[in-house]
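The values are calculated or read from the model by the stated rules, or taken from the named source; none is laboratory data. Only a predicted model underlies this, so the values are computations on that prediction, with no experimental measurement involved. Note: accessible area is taken over every heavy atom of the protein model, side chains too, but ligands, DNA and RNA are not part of it. Shrake-Rupley method; radii C 1.70, N 1.55, O 1.52, S 1.80 Å.
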Amino acid sequence: MSLLLQITDTAHKIADTVKNLSQTGTAPAGDTLRFGDLLVKGGVIMIPIGILAILGLVIFFERYFTIRKASKDEANLIMQVRSSIHTGNLESAIAICRNSNSPLGRMLQKGLLRIGRPIKDIEGAIENIGKLEVAKLEKNIGILGIIAGIAPMFGFLGTIYGVIKIFYDIAQSGNLSIGVISGGLYVKMVTAAAGLFVGMIAYILYHILNMMVDKVILKLETDAIEFIDLLEEPSK
């Protein structure tokens, strides 16, 4: 009889435990942590990290479309300039280059304006304009490299701030519970993750733009060589 009572009592305890677990298990499900709330828990360190992220994206898209425009195929421009030179219409060739409004057009225009001088002077003029055009394309790209280095540092700063907050909260409350240290842990982990993420994306975008600029430089050099060969054709 006593054994039966023990079994019954144990069954009631198990039922109560399952009931409590089901209640505690369903309550937090409705109180999910949204992404925006998670970012807020990172504290004030998230503000400079967010500014760096926005600045990096603005620079990338502005440079991306600028470089992409400069990298368009200029085969038609070269053909028109070649045709004008062969017919002796130098003014037409200069006008074509001016109207193209492209890095290659400005380089060829400078070379055409130097016709009549030694070929070395023409090459030097084209090379100088080419350097200026490349510098324009590379404008602000270095800022992405700076962001790639600074963003993780802000994340590390947030980690230190989070640890300080943990010890401060423990000292203030005299309690070592998870509720006391959770605020500092949120700051520590969220800022570190955000800083690394922004730095990684900025690093990738920085090298994407540099590769695009390198392709443009190679194309400009190739077209410049073709233009110089064109000028030397009558003397061959």
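Of the residues His207, His86, ranked by 1.4 Å probe accessible area with the largest first, the sequence reads His86, His207.
With all protein chains in place and ligands, DNA and RNA left out, the 1.4 Å accessible area ranks Glu74, Glu226 as Glu226, Glu74, largest first.
Within the assembled protein chains, the solvent-accessible surface assigned to Glu232 is about 60 Å², based on a 1.4 Å probe.
For region 53-204, the solvent-accessible area works out to 57 Å² per residue, with a probe of 1.4 Å and every protein chain left in place. Sorting Val187, Val163, Val44 on solvent-accessible area from highest to lowest, probe radius 1.4 Å, gives Val44, Val163, Val187.
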